[in-house]
Amino acid sequence: MKILIIYETYSGGTKTAVEFMAEELIKMNHAVDIIHAIDAKPDSFSKHDLYIFATPSWLERDREGQPHINFIKFMEKFEKESFENKNIALMGLGDATYAHFCGGIDVLMKFLEERGGKILASPLKLDSYFMKPEECRKIMKEWISKFTLKN
Ligand SMILES: Cc1cc2nc3c(=O)[nH]c(=O)nc-3n(C[C@H](O)[C@H](O)[C@H](O)COP(=O)(O)O)c2cc1C
């Protein structure tokens, strides 16, 4: 499979998680590209079999549980775009002590679903990645194996 990961990060956790995931996917013989959401263009979504979106959740524009600011800009830029027939999975980092745990993923998922995106798996919401990276990595490995077939 050709897989594109679209991500953003503030404190580096999502970057580390995405890099780990990419390594695992490559071990499974998938081809993986990684871009920042801020660099995504409509034609970024034409060449891959699967698109994995990854965002931390944050306080943005006075609202808790939002995706990274660059994903908010992404949603503004892609408001009129279609994701019909695009295979999509979403993951992200958060902290369960916040009222909207990983709320940013839900916001982004709704946006992509409303534009026809085909969500392949339940979104992966990782709690306190920096406190328990090994546990999170194990969960990530299980998650990706659910919707990616070995090449
Ligand atoms: C100002 C601020 C707001 C946050 N808001 C939320 C939130 O609403 N929901 C949540 O689950 N986590 C929230 N978090 C936790 C972050 O999502 C978490 O620390 C995550 O690991 C950061 O990922 P990053 O290292 O990729 O930036 C917040 C953290 C900060 C500092």
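At a glance:
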| item | result |
| --- | --- |
| Amide N proximity, region 87-104 versus Glu64 label position 7 Å along Cα-to-Cβ, cut-off under 18 Å | 93-104 |
| Region 1-70: relative contact order as a whole-number percent, Cα under 8 Å and 6+ apart | 43 percent |
| 10 Å binning of all Cα-Cα separations within the chain, expressed as whole percents from 0 upward | 12, 45, 36, 7, 0 |
| Calculated FRET efficiency for the pair Lys132/Ser44, C-beta based, R₀ 41 Å, to 0.05 | 0.80 |
| Rg in Å to one decimal, and Dmax rounded to a whole Å, for region 44-102 via C-alpha atoms | 13.1, 38 |
| Relative contact order, percent, region 1-147 [alpha-carbon distance under 8 Å, six or more residues apart] | 24 percent |
| For region 98-150, convex hull of alpha carbons as volume per residue, Å³ | 83 Å³ |
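Values in this text are rule-based calculations from the coordinates and carry no lab data. As the structure is a prediction and not an experimental result, all values here were calculated from the model. A quick note on method: Cβ atoms are made from the backbone with ideal geometry, for glycine too, and the neighbour counts reach across all protein chains shown.
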